[in-house]
């Protein structure tokens, strides 16, 4: 063991020395993206024309910092177990620029915010209506089975003849199928309706999660809420905040504090049917939650295996697959 530690220390010294030796080239971007722990967020939420209730505990959304890695960051990630590297093609689909990826991420956050509000309000028996034009293809993964079948700006409107009006509906329906299943995807291209056939593959980031293999957005998605709810998301992007946003909205609108004054953190996408989906960077997010002294961390089922290794006597990590499931877990934890 001592010999291994010495060898590992020597390797680090060599890598650091090499990095400084090529200092002028260190700022050149590598072919990788990095993920590191980000700050936990406690959302500021403004609700108009409805009674709200303050709560003493925390419902933290967990975040990561994700960006292109220059060679300095690349070397540092190799030395730091809290930072992970991902090949560029896994993060950046073919035909999508880093700027477009950032814009898509912010758009996904806006969509996730509205879906989260809808799920929270639906669970409180409010009537929420939503609609959209379909699922817009904005980029294709290199190894996608539809790389030569779909093209950018295709508008997907059905899967196996079931209408889909938004990305969140598409994902919800996709989760009813298995990896390897053959599906028909109806779409509009150049004002013509066509159908393609494809097998579902395993998600490039999430084990046992089916996917088609493209990056998507929902054009003209609209929600009709009974009152105004504004979640101050700041510069946080991506859809992984959905579950925790829904829980925060729910807790503000219920008289009894579901946290009971305790620190709870979590991450997970949320779809219009309340299902919870997997996220990237779960290791970094759990590390951030432990730094914030969260006693309970909620993660999607697909991420549980990776997250569970961080559980200890002070940290309970639980997998959830729906909004109602997450509420029940929180009630059980906070009532102790």
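Size descriptors for the chain, from the alpha-carbon set: Rg then Dmax equal 21.3, 68 Å. Taking the average, over residues, of other Cβ atoms within 10 Å as the packing measure, peptides 239-248, 291-300, 326-335, 96-105 rank 239-248, 291-300, 326-335, 96-105 from highest down. Find the centroid of the Cα atoms in segment 97-144 and in segment 47-96, then give the distance between the two in whole Å. What the calculation gives is 17 Å, centre to centre.
By average Cβ neighbour count within 10 Å, what is the ranking of 178-188, 116-126 from highest down? Write out the running numbers ahead of the final one.
Values: 178-188: 14.8, 116-126: 19.8.
Highest-to-lowest ranking by the protection proxy: 116-126, 178-188.
For segment 234-273, take the convex hull of the Cα atoms, compute a quarter of its surface area, and give me that in nm², please.
On the way: hull surface 14.7 nm².
Its average projected convex-hull area is 3.7 nm².
Building the convex hull from the alpha-carbon atoms of segment 101-159 and averaging its projection over directions returns 5.4 nm². The spacing between segment 170-220 and segment 223-269, judged by their C-alpha centroids, is 28 Å.
Hydrodynamic analysis of segment 130-222 uses the Kirkwood radius over alpha carbon pairs. Inserted into Stokes-Einstein at 37 °C and 0.692 mPa s, it gives a translational diffusion coefficient of 250 µm²/s. If the segment from residue 129 to residue 82 were pulled out straight at 0.36 nm per residue, it would be longer than the present Cα-Cα gap by 12.8 nm. Full extension of the chain between residue 178 and residue 305 yields a length gain of 43.8 nm, computed as 0.36 nm times the residue separation minus the alpha carbon distance.
Laboratory data are not the source of any read-out in this text; all were calculated from the coordinates shown. No experiment lies behind these values; they were computed from the predicted model shown. Here Cβ is always computed from backbone atoms with ideal geometry, including for glycine, and neighbour counts include all displayed protein chains.
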